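The structure under discussion appears below in the form of structure tokens.
The values are calculated or read from the model by the stated rules, or taken from the named source; none is laboratory data. Note that this is a predicted model, so its numbers are computed, not measured. Note: ideal-geometry Cβ built from the backbone for every residue, glycine included; neighbour counts use all protein chains shown.
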Amino acid sequence: MSDALNGVLSRIDGNLEQSLERLFAFLRIPSVSTDPAFKGECRRAAQWAADQLTGIGFEARVADTKGHPMVVAHRKPQGATRHVLFYGHYDVQPPDPLDLWTSPPFEPRLADEPSGKRIVGRGSSDDKGQLMTFVEAARAWIEAAGELPVAVTVLLEGEEESGSPSLKPFFDANREELRADIALVCDTNQWDAKTPAITTRLRGLVGEEITVTCASRDLHSGMYGGPAANPIRVLANLIAGLHDADGRVTVPGFYEGVEELDPAVKAQWDALGFNESAFLGEVGLSSSIGEKGRGVLEQIWARPTCEINGIFGGYTGEGFKTVIPSQASAKISFRLVGKQDPHKIRTAFRGLLRERLPENAQISFQEHGASPALELPGDSPDLAAAAAALGDEWGRPALLMGSGGSIPIVGAFKSELGMDTLLVGFALDDDRIHSPNEKYELSSFHKGIRSWARILARLAA
């Protein structure tokens, strides 16, 4: 395997210019999924990706959905003992505001910067550049070694940037075709430009919208102010009571299933030299107000939270209106970790607010999704294989990091297909994804291809 891998890596290095040309052709397709005006371009991007996979020997098809199509491709070498499913998305965010781009968003270019060369264009990092690292690694294996070291299924969707409404129905209809030993996703970050990373934990999510109603109609505050219950005041008191003085969430049973961080993982995170003051200072904040005794990285990657995402009620237009509103509302989200049960938390949250509701007030709830946290077991042999491959390529150990966000596709792989996921990405924090002048470092693209080539070899072994 080592001789074959060396040949593959040499092929990647020698064909980097051609790999870039293919990526640029992909980036020129304005596959904006959220705008109906680009429906045809999304299909064109799907067909382009399918044609690339067919061209290197995959059996690929463009599969219609009620929204934008999926791309599904298979290559199953005779005698392969492992089977992986690679997921990516070919759709991109709208490029607006266009006047902030230094060059047209769908005319990709290679820019020279003090840090090195970078690819600039919409989708360069999220997610076309990332997914092409895997496709180009597969190409190099097939061209240099004659075959892939593992069986590979590729699933590319075209609605990730618009909520993935077609994903679950597609899973339901194609469950067995998509099943594999493990899923691979390249839509995450490195720690920095020289340190590879595997995201091993994702927080879950519970979304709730609450509405407090008091009087049967809006009231004149001069005539009713004082005796009349004010739903904004009621709502503010309810929200204020969701945290205690130490920053902990007061929902009963909220911390059930939350485990302390593994000492080895904590030691690795502590050794990163993460500058908490600089991190918060970049957004105009001076200090952490989260859970006392917990560092910022631990709070974001490994602790649950409750956040108020929006609050509204009464008159909010120009000028001033002395009104006591009939209703006030708030949107609240819980980020979950470990084995927290999102449905139990929703029930406990609603029970707590009903219990604290004062006289003359009613409350209603609207749910906005619920998903559990996900964590790749620390003793996973696939995790160890990927970490070793990344260490070989980058010359330093791969960081096992967390993510403060949620990636629904990973939850679907686990719940719908029973598969764990290796989240290996090569993006950087300053890639400006979803913003003007999105970029992807050339080193991320080049070493990303080499990294996937090594990971496939390690998984096969």
Leading residue by the ranking (surrounded by the most Cβ atoms within 10 Å (Cβ to Cβ)) among those in region 318-349 that are part of a helix (DSSP H, G or I) and touching a residue at least 24 places away in the same chain (Cβ under 8 Å):
345
Listed by first then second residue, the pairs whose first member lies in region 395-410 and is farther than 16 Å from residue 447 by Cα and outside any helix (DSSP H, G or I), whose partner is at pLDDT below 85 and among the polar types (S, T, N, Q), with beta carbons under 6 Å and at least 6 positions apart or on separate chains, are none
Of everything in region 292-317 that's of a type in the set (Val, Ile, Thr), within 30 Å of residue 218 (Cα to Cα) and in contact (Cβ under 8 Å) with a residue 60 or more places away in the chain, which residue is surrounded by the fewest Cβ atoms within 10 Å (Cβ to Cβ)?
308
Answer yes or no: is there a residue in region 34-46 that is in contact with a strand residue (DSSP E or B) (Cβ under 8 Å, 6 or more places away or on another chain), modelled with pLDDT of 95 or more and either within 20 Å of residue 431 (Cβ to Cβ) or surrounded by fewer than 16 Cβ atoms within 10 Å (Cβ to Cβ) (or both).
no
Anything in region 372-381 that is surrounded by fewer than 21 Cβ atoms within 10 Å (Cβ to Cβ) and touching a residue at least 12 places away in the same chain (Cβ under 8 Å)? List them, or say none.
375, 377, 378, 380
What is the number of the single condition among (1) more than 16 Å from residue 251 (Cβ to Cβ); (2) buried (at least 16 other Cβ atoms within 10 Å of the Cβ); (3) modelled with pLDDT of 95 or more; (4) not acidic (Asp, Glu) that residue 363 does not meet?
(1)
Failed condition for residue 437, given (1) modelled with pLDDT of 95 or more; (2) over 25 Å from residue 283 (Cα atoms), with all others met?
(2)
If you go through region 3-12 one residue at a time, do you hit one that is among the acidic types (Asp, Glu), assigned to a helix (DSSP H, G or I) and modelled with pLDDT under 95?
yes
Does region 1-24 contain at least one residue that is among the aliphatic types (A, V, I, L, M) and without any contact (Cβ under 8 Å) to a residue 60 or more places away in the chain?
no
Answer with yes or no whether residue 319 is touching a strand residue (DSSP E or B) at 6+ places or on another chain (Cβ under 8 Å) and at positive phi.
no
With the structure loaded, tell me whether residue 289 is assigned to a helix (DSSP H, G or I) and touching a residue at least 40 places away in the same chain (Cβ under 8 Å) or whether it fails that test.
no
What number of residues within region 366-394 satisfy the criterion of being touching an Asp or Glu at 6+ places or on another chain (Cβ under 6 Å) and in a loop (DSSP other than H, G, I, E, B)?
1
Just name the residue that is farthest from residue 160 (Cα to Cα) out of those in region 51-98 that are aromatic (Phe, Trp, Tyr) and not in a loop (DSSP other than H, G, I, E, B).
86
Mind checking which residues of region 414-424 are crowded, with 23+ Cβ neighbours inside 10 Å and more than 18 Å from residue 381 (Cβ to Cβ)?
none
Identify, please: which residue in region 50-69 is touching a strand residue (DSSP E or B) at 6+ places or on another chain (Cβ under 7 Å) and touching a residue at least 40 places away in the same chain (Cβ under 8 Å) and is, among those, farthest from residue 87 (Cα to Cα)?
57
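Residues checked against (1) touching an Asp or Glu at 6+ places or on another chain (Cβ under 7 Å); (2) among the aromatic types (Phe, Trp, Tyr); (3) farther than 24 Å from residue 103 by Cβ:
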position	(1), (2), (3)
21	no, no, no
30	yes, no, no
35	no, no, no
38	no, yes, no
41	no, no, no
44	no, no, no
51	no, no, yes
56	no, no, yes
63	no, no, yes
Subset of region 238-254, residues out of contact with any Ser or Thr (no Cβ under 9 Å at 6 or more places or on another chain), touching a residue at least 12 places away in the same chain (Cβ under 8 Å) and either of a type outside the set (Ser, Thr, Tyr) or buried (at least 16 other Cβ atoms within 10 Å of the Cβ) (or both), comes to 238, 239, 246, 248, 251, 252, 253, 254
Which count do you get for residues in region 168-210 that are touching an Asp or Glu at 6+ places or on another chain (Cβ under 6 Å) and in a helix (DSSP H, G or I)?
1
